[in-house]
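The values are calculated or read from the model by the stated rules, or taken from the named source; none is laboratory data. Computed from a predicted model, the values in this text were never measured in an experiment. In this analysis, Cβ positions are derived from the backbone assuming ideal geometry, glycine residues included, and neighbour counts consider all displayed protein chains.
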Amino acid sequence: MNDATRPERDRPWVFRTYSGHSSAEASNALYRSNLAKGQTGLSVAFDLPTQTGYDSDHPLARGEVGKVGVPVGHIDDMEVLFREIPLDQMNTSMTINATAAWLLALYVATAERQGVAADQLRGTTQNDLIKEYLSRGTYVFPPEPSMRLISDMVAHSVNAIPKWNPVNICSYHLQEAGATPVQEIAYAMANAIAVLDAVKARDDVPDDVLPEVFARISFFLNAGIRFVEEICKGRAMTELWDELGRDRYGVTDPKLRRFRYGVQVNSLGLTEAQPENNVIRIVLEALGVTFSKKARCRALQLPAWNEALGLPRPWDQQWSLRIQQILAYETDLLEYPDLLDGSHVVEAKVEELKKAAQEELDRVLAMGGAVAAVENAYMKQRLVESHTARLRAIESGELPIVGVNSYTETEPSPLVGDDDASILKVDDAAEREQIERLNAFRAKRNDADVKAALQGLHDALSNGENVMPPSVRAAHAGVTGGEWADTLRKLFGEYRAPTGVVAREAQVADEANQQVRARVVACGEKLGRPLKILVGKPGLDGHSNGAEQIAVKARDVGMEVVYDGIRLTPGEIVQSAQDEGVHVIGLSILSGSHLVLVLDVLEGMNKVGLEIPMVIGGIIPEEDAKTLREAGVKRVYTPKDFDLTRIMGEVVDVVLASAGVG
Amino acid sequence: MGRDLAARLLARDRAAVAPALNLVDDHRPEARREATAVLAALEEKVLFGGARRIGLTGAPGAGKSTLLDALVRRLRSHDQTLGVVAVDPSSQRTGGALLGDRMRVRSGAADPGVFIRSMAARERLGGLAEAARASVTILAAAFDVVLVETVGVGQSEGEVADLVDTLVYVAQPGAGDLVQFMKAGILELPDVVVVNKADLGLLAERTANELKAGFGLGERNGAWEPPVVLVSARDGTGLDELETALQGHLESLTAEGLQTRRRRGRDASVRKSLERRYGSHGLTVWGGQAKLAARLADERDPSGFALTETLGREIEAALRTTETSP
């Protein structure tokens, strides 16, 4: 069949791969090779120092530079990142939040240097702080100034960068944090309302522009393995958004009320055990967000099959891109109108989701909206509860996961070697080289220009002016991300979000739990005081869901838990462990910076003569786990260790062995 | 080793603080003997001296840890070293506890001038006051200021009042009307009242006015009328006034008043410890409240911890005598 005989087809969604690592140079090469393979948009992953506003040589950046994404500290990095990629032809999604205004400023400045005007730029800045407080953890500023920065960007881009999506309301990370579909819908809508209300309240956004503003709000959804329900979720959100635009914001043009969303398929549900099975999961999840034309995503990024093992290689990402291309070009999916219209079953499910989500949304609005429900920890507590329930269901086998808690017998996988060759390793030199580039950049810039630009930024923000124009000027002047963020930190302060770990206790304790609880008590008697554990996250990785679950579980088996939260330096962990008199330390690191950070903590303890056993959890390749064990770490847990009760039992073993009272 | 540890603490050796706190938490007999020795040695010096002690109490969600964070920042800016005890409730069912205050007090992270120890209240084991008192005694030897933060539920405000020189009650705007404050008994104990989250505006002011009216009604001993301060820990509003209020209370106490207050706290803690261990029966058999009052008044024994042990042995002896007599 040639093109002439093929039926008319819909235009496919934008194909993207969330990627970036090591350096702007290496990431630019990766982007260009991905585009050459048929990828139609870019999705930039920034490293954690870039996301949290620290220069690569800041103490908190240690071990994190170039790990989970590309370091972009200044205009030179951004120019290199998009070298030979004409920005007027690109559709770029940037996963950036607290420092979104800065990265967008760098992008605009880079475009200007390419000779491309800002109004030609297409793409998205994620810029959703609510979900950062709830789940992802790369927030910097308190809610109030964060909402101001978001609304600044919306107000600015609606005029100056009209094809840009300044905010991408994320329900993706809510699902990762445990949200049920109903919670995902309700909290995403509450979040969008918070943004829209903030923009609506501005003097510089006339009421007649509000429909355009409404149309610029896009979403970022998760697609889980229950793909039928996910289809219904997409349809429910499409309808709710349309109604919200019409009823709350008076948007009369239905085109401006279209629910536009991008998707990252659920990475959290990917398994470390029998990782080849993940390909099947990814295919089904991709189908969930493309199947129903009415609720089809606008852009899709698929994870790689081996993400639970470590960073994917270019070949792994290519495999995922091919899934999208086969779905869009080989199958007949795009030849039909909506396939589910008229299905009573789907209709009923959509109604059920809408009704329950509306009730939950009303609850959040009644307590003052999404910002209030972050500050009083309501949403966080609900998420931690859902997540705890989910993990218990996995532990008990009630929720089957093939290869993990059922059908675990397996042949050795030919895709996974023994030597960790099946993942990408970031060159250890990347951090050092990035710092060298940063220093060279600082040396060549004009200090007077930088100082003036920072002063201009400070003054504009204190006077309530829009953050964008002075940020673009700062980008051209050679300001660094750390300097930009420090200026804002001084004005706005920093924030710690509530953790939600006060969540309700387990009401039923099965036999295994009771056994561990009894052992915890007995251990405390031997030690002379109750078993005390420190749980925290070193480095800049803010994905605190795992650490929070460990903290809640430890409390539920009777331990006294000092929960230290996120973004801790090794020095803080050592001081905390010492001052609190804990018997054991549990650290969680998902950003891949485990070697540097854990070894630093061990060294710090050594220095003050502290001997406290340590256990680690994270996405840690076996080779690294071996290094960590050799350095003295007692246990290393990875995503395949889902049985929290067993982990707690082993923590007791570790404490008893170390105290020599076992 | 006990004496040595005490000497190190009195010499303000920070590295001695954690081991000392671990020791006084240890319930094994040999540890308890050693702990009593350390505490007795410390109390000789710090019962009437040592750090200034400030307590923060209030309902859950009133913003105590945020206020604590702001206060730590403030006091550190005056170069004062700080020891903090943050108490969180334990689970009644599992005995476990989530201690999350440390995370909220970021100003102390990696600052050797701030020492934070989180404690589980261990309600079902009883004796929070005793454990907290031991911790305060240790911290009072090694730092300039000791801050004690607890969730105020019923009796615990009273227990904290016995531990500190100045008790700050943190009220939430709209937490209730005057009658509810009176019912909760919180109008008698605090020396300073903070209405937190002053950024809530009118609601906070109304709560503050209710409380001011309440203190005007009397019910308290002494001339000090607790100031009601509106504070927003978020933007720093009212922190100057809070500092002035804390200083004002300290000055109003005078040296003699401070001694009286600390002695009263010590006496209350000895009495409670003995009652908890031996019950009113044990005390009566030994000689009753009058005898206890006389012994407490005895100047030769400044250490409450040592006195509790001494009196405990006497009571045990008295109990044995009654059991063996026909």
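See the values below:
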{"read-out": "Residues within region B:23-49 that are small (G, A, S) and within 14 Å of chain A (Cβ to nearest Cβ), tallied", "value": "2"}
{"read-out": "Residue under evaluation A:V633, criteria (1) crowded, with 20+ Cβ neighbours inside 10 Å; (2) within 14 Å of chain B (Cβ to nearest Cβ); (3) not hydroxyl-bearing (S, T, Y), criterion not met", "value": "(2)"}
{"read-out": "In region A:521-533, the residues that are more than 8 Å from every other protein chain (Cβ to nearest Cβ), buried (at least 19 other Cβ atoms within 10 Å of the Cβ) and out of contact with any His (no Cβ under 8 Å at 6 or more places or on another chain)", "value": "A:C523, A:G524"}
{"read-out": "Residue among B:R8, B:R12 that alone is charged (D, E, K, R), in contact with a helix residue (DSSP H, G or I) (Cβ under 7 Å, 6 or more places away or on another chain), buried (at least 18 other Cβ atoms within 10 Å of the Cβ) and more than 14 Å from chain A (Cβ to nearest Cβ)", "value": "B:R8"}
{"read-out": "Pick from region A:427-452, criterion over 24 Å from A:L311 (Cα atoms) and either among the polar types (S, T, N, Q) or assigned by TED's automatic domain parsing to the domain that holds A:K67 (or both), ranking: surrounded by the most Cβ atoms within 10 Å (Cβ to Cβ)", "value": "A:N439"}
{"read-out": "Some residue of region A:27-47 being outside any loop (DSSP other than H, G, I, E, B), aliphatic (A, V, I, L, M) and free of Cβ contacts under 8 Å to residues at least 12 places away in the same chain", "value": "yes"}
{"read-out": "Extreme residue, modelled with the highest pLDDT, among residues of region A:567-593 that are under 18 Å from the mean Cα position of the chain (by Cα) and crowded, with 24+ Cβ neighbours inside 10 Å", "value": "A:S588"}
{"read-out": "Counted residues, region A:586-617 - those being assigned to a loop (DSSP other than H, G, I, E, B) and either of a type outside the set (A, V, I, L, M) or without any contact (Cβ under 8 Å) to a residue 24 or more places away in the chain (or both)", "value": "6"}
{"read-out": "In region A:51-80, residue nearest to A:H594 (Cα to Cα) [restricted to those that are outside any loop (DSSP other than H, G, I, E, B) and in contact with a helix residue (DSSP H, G or I) (Cβ under 6 Å, 6 or more places away or on another chain)]", "value": "A:A61"}
{"read-out": "Qualifying positions in region B:144-177 - in a strand (DSSP E or B) and either aromatic (F, W, Y) or modelled with pLDDT under 85 (or both)", "value": "B:V151, B:Y169, B:A171"}
{"read-out": "All positions within region A:508-530 that are at negative phi and without any contact (Cβ under 8 Å) to a residue 40 or more places away in the chain", "value": "A:V508, A:E511, A:Q514, A:A518, A:V521, A:A522, A:G524, A:E525, A:R529, A:P530"}
{"read-out": "Breaking point among (1) within 30 Å of B:L67 (Cβ to Cβ); (2) touching a residue at least 12 places away in the same chain (Cβ under 8 Å), for B:N22", "value": "(2)"}
{"read-out": "Those residues of region B:90-112 which are surrounded by fewer than 24 Cβ atoms within 10 Å (Cβ to Cβ), more than 7 Å from chain A (Cβ to nearest Cβ) and over 30 Å from A:G493 (Cα atoms), in sequence order", "value": "B:Q92"}
{"read-out": "Region A:113-141: number of residues that are surrounded by 20 or more Cβ atoms within 10 Å (Cβ to Cβ) and assigned to a loop (DSSP other than H, G, I, E, B)", "value": "10"}
{"read-out": "Single residue of B:A62, B:A121 found to be under 15 Å from the mean Cα position of the chain (by Cα), more than 10 Å from every other protein chain (Cβ to nearest Cβ) and surrounded by fewer than 24 Cβ atoms within 10 Å (Cβ to Cβ)", "value": "B:A121"}
{"read-out": "Criterion violated by B:A15 - all others in (1) closer than 23 Å to B:A121 by Cα; (2) free of Cβ contacts under 8 Å to residues at least 24 places away in the same chain satisfied", "value": "(1)"}
{"read-out": "Boolean, B:T284 is over 30 Å from B:P173 (Cα atoms), of a type in the set (V, I, T), at pLDDT 90 or above and in a helix (DSSP H, G or I)", "value": "yes"}
{"read-out": "Which listed residue is in contact with a strand residue (DSSP E or B) (Cβ under 6 Å, 6 or more places away or on another chain) and more than 25 Å from A:K131 (Cα to Cα), from A:P414, A:P400", "value": "A:P400"}
{"read-out": "Segments classed as strands (runs of 3 or more DSSP E), wholly inside region B:21-118, with at least 1 members that are within 29 Å of B:G248 (Cβ to Cβ) and hydrophobic (A, V, I, L, M, F, W, C)", "value": "B:52-58, B:82-88"}
{"read-out": "Of all residues in region A:222-234 being surrounded by fewer than 24 Cβ atoms within 10 Å (Cβ to Cβ) and among the charged types (D, E, K, R), the one that is farthest from the chain's Cα centre (by Cα)", "value": "A:E229"}
{"read-out": "Neighbours by Cβ (under 6 Å, 6+ apart or cross-chain): first from region A:540-563, within 11 Å of chain B (Cβ to nearest Cβ); second among the acidic types (D, E)", "value": "A:D556/A:E505; A:V562/A:E580"}
{"read-out": "Matching residues, region B:232-275, being in contact with a strand residue (DSSP E or B) (Cβ under 9 Å, 6 or more places away or on another chain) and of a type in the set (V, I, T)", "value": "B:T237, B:T244"}
{"read-out": "Sole exception among (1) in a loop (DSSP other than H, G, I, E, B); (2) among the hydrophobic types (A, V, I, L, M, F, W, C); (3) more than 14 Å from chain B (Cβ to nearest Cβ) for A:L628, by number", "value": "(1)"}
